[in-house]
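As structure tokens, the structure follows; a few thoughts come after it.
The values are calculated or read from the model by the stated rules, or taken from the named source; none is laboratory data. A quick note: this is a predicted structure, and the numbers were derived from the prediction, not measured. Here Cβ is always computed from backbone atoms with ideal geometry, including for glycine, and neighbour counts include all displayed protein chains.
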Amino acid sequence: MNDTRGKLGNFVKFSYGFADVGFQMMVTLSNSYLLIFFTDVAGISAVTAGIIMTVGRIIDTISVPILGPFIEKSHLPWGKYRSWLFIGAICIFITNAILFVNLSFLPQAALIAVGAIVYAVFCISTNVAYIGYTSMNSSLTDDPKEKVQLSTFRGQGAAIGKIIAGWTLIPMIYFFGGANAYTEQGFLVTAVFVGLMIVFTYLTLFFATKDRKVMSSKEEIKDTKNNGPSVKDMLKQIVTTRPLLLLFLTDVTRILASLLVFSMFPYFFKYVVNDPAKVAVFFGSVNILLFIGATLVPFITKKLSKRTTYMCGNAVMAVCFVLMFLNSGNPTLVTILASIGYLGYSLGNVVNTAMYADIVDFGEYRTGKNARAAIFSVFQLSIKVAAVFSTSIAAFGLASTGFQAGVEPTAQVVSGINMISMLLPAGLLLVGVVFLFFYNINEKELPEMREEMMNRKN
């Protein structure tokens, strides 16, 4: 079957969402627990950990605008985008495991160099896999309703992955480590298990889509060489498409807000609440609401535009996080408010993929060139830019408060943790709302644009 305009089968949709289950489990492990593994298990100072992760993230971020055009021009035997699911998953498995090996025996300079390189390769591997994965949203079907359904399955899969990770990662670390504490063995075996999960979920999608039109036939290769966008065309389309730049900035602020939450709340529960095991309840609860929110998106977008849906979600989460900061002494209320906030977060987390797909069509309508992978690499770039800042803010922010691993926190440390994990994310989310005020794609005009593009091709 090579028709991308028809309906997608249920197994293809399920597999598309299932792929993000494994990916989000891996992301949660690295985003939420790698920093605390470095500081509290490997005994690396917050500053050194911050340098390792920031340098790695900078290299990672630089790679994204290179990988997008590279993938767009690639023609591997298993499909332009589909091939990278297989390649990326294997690389993620290997590097994810190495990250959780204690390298503190190395001299300081070697530790920073090796740590940064391994972390950068790990992040680049996730880029390769996720650019291929998200680009498939637009390449599997031309039907806008099917694209929204794929985005919904992705959002649900992401939420389920985070729910599973939220409830199970700490128990797994304790179980595999043989103690109710953070241990080297516990982290390493958990990392291997999570790596196997992403290989399994990505390969499920890989095989589920083997008959879809994501294959690089000789005719498609020839057509791309003759009529496809050049690297210059793709870069020009990225920097001159206003909705793309605004959506990119909005995603950066929203994702940065969430990454700060996931990086800092293990510290909040260990050093402020004095009960590190409760972080599993926190992450599990917020991700249940994330799943519910993702399920509601198709119904909400029948009444509201994707842009308005995104703005409302950001506003809800921002209000909840301000209330969390004002009630930070009540961990139960903090968990409830965060869960409600992530109900709002899920709206933008789902519709943004469909918005990038809209931008692909908008850009092709304006220029006559389809720069799908390059545009979806901007989505990936937003994650990476947010990650650079979150790593720096979390690690160096902790250091600036006088934080010392395993030492009773001072009032300054407690205040700093609360501000970085709650008040700062709220401000970032509101900035994202402002960006979307200027987003100028009219969704009602898109069907007419798509029809005109089909007429041009015919």
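Residues that are surrounded by fewer than 21 Cβ atoms within 10 Å (Cβ to Cβ), part of a helix (DSSP H, G or I) and not hydroxyl-bearing (S, T, Y) do not occur anywhere in the stretch 125-140.
Here the stretch 251-275 is the region considered, the condition is being of a type in the set (S, T, N, Q) and in contact (Cβ under 8 Å) with a residue 40 or more places away in the chain, and the residue that is surrounded by the most Cβ atoms within 10 Å (Cβ to Cβ) is S263. From the list I36, I51, I44, I58, the one residue that fits, being crowded, with 23+ Cβ neighbours inside 10 Å, within 28 Å of F265 (Cα to Cα) and either in contact (Cβ under 8 Å) with a residue 40 or more places away in the chain or out of contact with any Lys or Arg (no Cβ under 9 Å at 6 or more places or on another chain) (or both), is I44.
Restricting attention to the stretch 285-300, the residues being out of contact with any Gly (no Cβ under 6 Å at 6 or more places or on another chain) and either crowded, with 21+ Cβ neighbours inside 10 Å or among the hydrophobic types (A, V, I, L, M, F, W, C) (or both) number 11. Among the residues of the stretch 81-102, write down those that are out of contact with any helix residue (DSSP H, G or I) (no Cβ under 6 Å at 6 or more places or on another chain) and over 19 Å from V199 (Cα atoms). Hit for the stretch 81-102 is V101, nothing else. Taken over the stretch 351-383, the criterion of being in contact with a Lys or Arg (Cβ under 7 Å, 6 or more places away or on another chain) and aliphatic (A, V, I, L, M) is satisfied by V351, A354, M355, A357, V360.
Conditions (1) within 22 Å of the chain's Cα centre (by Cα); (2) farther than 27 Å from A411 by Cβ; (3) among the small types (G, A, S), marked per residue:
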position	(1), (2), (3)
A257	yes, no, yes
F262	yes, no, no
P266	yes, no, no
F283	yes, no, no
N287	yes, yes, no
G293	yes, yes, yes
F299	no, yes, no
K302	no, yes, no
A318	yes, no, yes
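Quick one: T401 ticks every box in (1) out of contact with any Lys or Arg (no Cβ under 9 Å at 6 or more places or on another chain); (2) closer than 25 Å to I336 by Cβ bar one, so which box is it? Failed condition: (2).
The condition (being at pLDDT below 90 and under 19 Å from the mean Cα position of the chain (by Cα)) is satisfied by just one residue among L99, L85: L85. For the stretch 342-441, the helices (runs of 4 or more DSSP H) that sit wholly inside it and include 1 or more residues that are under 23 Å from the mean Cα position of the chain (by Cα), touching a residue at least 40 places away in the same chain (Cβ under 8 Å) and surrounded by fewer than 24 Cβ atoms within 10 Å (Cβ to Cβ) are 372-400, 424-436. Residues in the stretch 333-362 that are among the aromatic types (F, W, Y) and at pLDDT 90 or above: Y342, Y345. For the stretch 1-100, the helices (runs of 4 or more DSSP H) that sit wholly inside it and include 1 or more residues that are among the charged types (D, E, K, R) are 10-36, 46-73. Scan the stretch 75-82 and tell me whether some residue there is touching a residue at least 24 places away in the same chain (Cβ under 8 Å), at positive phi and crowded, with 23+ Cβ neighbours inside 10 Å. Yes, the stretch 75-82 has at least one match. One residue alone among N314, N330 is surrounded by fewer than 23 Cβ atoms within 10 Å (Cβ to Cβ), more than 22 Å from L35 (Cβ to Cβ) and at pLDDT 90 or above, and that residue is N330.
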